[in-house]
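Below you'll find the structure, written out as structure tokens, and then a few comments.
Read the figures in this text as sums done on the coordinates, not as results from a lab. Please read these numbers as outputs of a predicted model, since none were measured by experiment. So basically every Cβ, Gly included, is an ideal-geometry build from the backbone, and we count neighbours across all protein chains shown.
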There are 2 protein chains.
Amino acid sequence: MRLWRLERGEIAERLEGPGILACGDRAEALASVMDGRTADRVVLCGMAGAREGLREAPYVPCPVSVSQWRARMTEALGCPGLSVWIAAGLSCRDASGRPDVMRGEETQVFGAMSLDPGLANGTHVVLLPGTHSKWVWLDDGLIVRFRTCMTGELFALLGQSSLLAAGARGANEDQGFAAGLARASEGAAPSAALFEARAAQLVDGRTVDWARGFVSGLLIGAEIAAINPQEPVLAIGDPALVARYGAALARCGVQMRAMDGEACAIAGLRLLDDD
Amino acid sequence: MRLWRLERGEIAERLEGPGILACGDRAEALASVMDGRTADRVVLCGMAGAREGLREAPYVPCPVSVSQWRARMTEALGCPGLSVWIAAGLSCRDASGRPDVMRGEETQVFGAMSLDPGLANGTHVVLLPGTHSKWVWLDDGLIVRFRTCMTGELFALLGQSSLLAAGARGANEDQGFAAGLARASEGAAPSAALFEARAAQLVDGRTVDWARGFVSGLLIGAEIAAINPQEPVLAIGDPALVARYGAALARCGVQMRAMDGEACAIAGLRLLDDD
């Protein structure tokens, strides 16, 4: 849980607590992070609106405009002394009817549109890398569709796997990352190429850090190959992770620019605090 | 650790203990499973020969004949009262020089060849599904190359992930498996399709069991798509898992027959106990 206390549009304070799904009583957890502070309004996005969150907020089906999204925000009652509102999530279906969902990233994307009005016209591809990377397609200010890749979570799970279980240390993670990207760009499927990270340690003297880089490059490269973006990408998120995606996209000849994830989140939440 | 006590070629007893890498003193762990029994010889394959095992046994580079493999078995000293020998593992490199390794499955493959002399002539594809699935290509009795897919380990890791974290139960895992196979056969990359297992629970009312089947079908389907076997496949391993691969291969028009994993392991170990 991350809260920004805004005064006259400026960040006056940053508050942090455990993820809302990790808390027992969600309302108490919010009150505990607020710690007696008052606010005209508390606006939340992300897992606070999950079925198991503070209060379930709907998924609005794509295509979605900012006003359609705002109209579906949900008041969370049961937070004494606080007026709490939760952003709606989004859902979409691909051409075969297969579903996808997001909670939280839509707030950053609408926030990015409010910060950069150029995004409100024409088509744009937005990438929000992370545990569940989201690729979002914009058309004339609408979020028309999106796709989730669980690259970050796969990478975290593989960190506990036999691939990276033990091995010599060494500062060549970047070399491994480049090797993994190269492997993905040849069309290698992760399930058939991941084990190379282990075999290279056993018979080619690679370090476990090289192997970690290889796994990261292979997964990010496979994600980009699956999405196959054809136009410049706007990336929103953690700068170190965004830089990795930038390197991977550059390899495919795709340009990337970045916007600050916190700034986009705050701008998106302010859209819900306007009326 | 699994030991078969053979008397005049028949299984007289099955002994089981913890995996050798899970034990403190490896020699003591073996003695504890033997529990005072005597033997002319103890022959081991698999992780007993890993660097952290009982004693490191070499990786013999492909192509490898059964006699070349036998010649590289290694005596593990330091097991009082026991004559202990460990099978060599195999290594190979693909056309680009990328390495792969195996320990244990080679024993089953050479065992299969001794049980079915038809395997000693012509070309054959052998699949040993499991934590680390091995695809092994035979040519006139030689193991010429192989490929590891970590499908089983990925499936186990994903069992702890957000995809299958919670959800309604329901007996439709087989439907999910078929849906996952279908998805893979369209060329869907797991990183971009795995999250459908979660989204389908959230917005289409699928059960967590359907989702588990979907993940299994997607991963097995992606493995087969990556390997793209063009001839009938011989599968050696756990019958339930072999049946899943059989269903997936049938979808691709590839025939499969099966041999019993235990029988192949014992036949392979006996090849090391002959002299």
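Given the options B:226, A:77, B:32, identify the residue whose Cα lies farthest towards the positive end of the charge dipole of the protein assembly as shown (+1 on Cβ of Lys, Arg; -1 on Cβ of Asp, Glu).
B:226
Taking a label point 7 Å from the Cα of residue B:273 along the Cα→Cβ vector, which residues of segment B:1-41 have an amide N closer than 15 Å to it?
Once the point is set 7 Å along Cα→Cβ of residue B:273, B:2-16, B:34, B:37-41 turn out to lie under 15 Å by backbone N, inside segment B:1-41.
Determine which chain A residue has its Cβ at minimum distance from the rotation axis mapping A onto B, giving the value in whole Å.
A:157, 2
May I ask for the net charge around residue B:97, where only other residues with Cβ less than 12 Å from the Cβ of residue B:97 are counted and Lys, Arg are +1 while Asp, Glu are -1?
-2
Within segment A:106-187, list the trypsin sites (Lys or Arg not before Pro) lying in a DSSP loop whose Cβ has at most 14 other Cβ atoms in a 10 Å radius.
For trypsin sites (Lys or Arg not before Pro) across segment A:106-187 that sit outside H, G, I, E and B with at most 14 neighbouring Cβ atoms in 10 Å, the list reads A:169.
Please give me the summed charge of the neighbours of residue B:123: other residues whose Cβ is under 9 Å from its Cβ, Lys and Arg +1, Asp and Glu -1.
Combined, the nearby Lys, Arg, Asp and Glu give -3.
Students often get this wrong: which residues of segment B:211-255 have the backbone nitrogen under 17 Å from the point 7 angstrom along Cα-to-C-beta of residue A:98?
The answer is B:211-226.
Round to a whole angstrom and tell me the spacing of the C-alpha centers of segment B:91-113 and segment B:1-52.
23 Å
Using a label point 7 angstrom from Cα along Cα-to-C-beta, what distances in nm, from shortest up, separate residue B:165 from the other copies?
Label point to label point, same position, other copies: 2.7 nm.
Taking the Cβ of residue A:244 as the centre, find all other residues whose Cβ is under 14 Å away and add up their charges (Lys, Arg: +1; Asp, Glu: -1).
My count for the surroundings of residue A:244 gives -2.
Take every Cα pair under 8 Å in chain A that's 6+ residues apart, average their separations, divide by the length, and report that relative contact order as a whole percent.
16 percent.
What does DSSP give for the protein assembly as shown in terms of the percent of beta bridges that are antiparallel, rounded to the nearest 5?
The antiparallel proportion sits near 65 percent.
Could you sort B:19-27, B:125-133 so that the peptide with the highest average Cβ count within 10 Å comes first and the rest follow in order?
Highest to lowest by the protection proxy: B:125-133, B:19-27.
Shielding of B:182-195 by partners, i.e. mean partner chain Cβ atoms within 10 Å per residue?
Neighbouring Cβ atoms belonging to other protein chains average 6 per residue here.
Taking the Cα centre as origin and putting +1 on Lys and Arg beta-carbons and -1 on Asp and Glu beta-carbons, what dipole magnitude results for the protein assembly as shown, to the nearest 20 debye?
Here the size comes out at about 240 debye.
Which distances, shortest first and in nm, link residue B:120 to the matching position in the other copies, using label points set 7 Å out along Cα to C-beta?
Values, ascending and in nm: 7.9.
Which is the longest run of chain A containing none of the GluC sites (Glu not before Pro) found in DSSP loop states (not H, G, I, E, B) with at most 15 other C-beta atoms within 10 Å?
The longest uninterrupted stretch comes out as A:57-185.
What are the residues whose amide H is under 5 Å from the amide H of residue A:85, where those residues sit 5 or more places off or on another chain and H is modelled from the backbone?
Close amide H contacts, sequence-distant or interchain: A:42, A:43, A:44, A:76.
Per-residue mean of other chain beta-carbon atoms within 10 angstrom of the beta-carbon, peptide A:144-157?
Across the residues of A:144-157, the mean count of other-chain Cβ atoms within 10 Å is 4.
Which distances, shortest first and in nm, link residue B:58 to the matching position in the other copies, using label points set 7 Å out along Cα to C-beta?
7.0
Spin-label point model (7 Å from Cα, Cβ direction): what's the residue B:231 to residue B:156 distance in nm?
A separation of 3.2 nm, rounded to one decimal place.
Which whole DSSP H helices in chain B pass both tests: a Cα extent of 27 Å or more along the axis and a mean Kyte-Doolittle value no lower than -1.0?
Those that pass (Cα extent of 27 Å or more, hydropathy at least -1.0) are B:208-227.
Summing -39500 (n - 2.57) over the DSSP H runs of n ≥ 4 in the protein assembly as shown and dividing by its residue number, what mean residue ellipticity at 222 nm do you reach, to the nearest 500 deg cm²/dmol?
Only helices count here, giving -11000 deg cm²/dmol.
Within segment A:122-152, list the residues whose amide N lies under 18 Å from a label point set 7 Å along Cα→Cβ of residue A:238.
A:127-135, A:149-152
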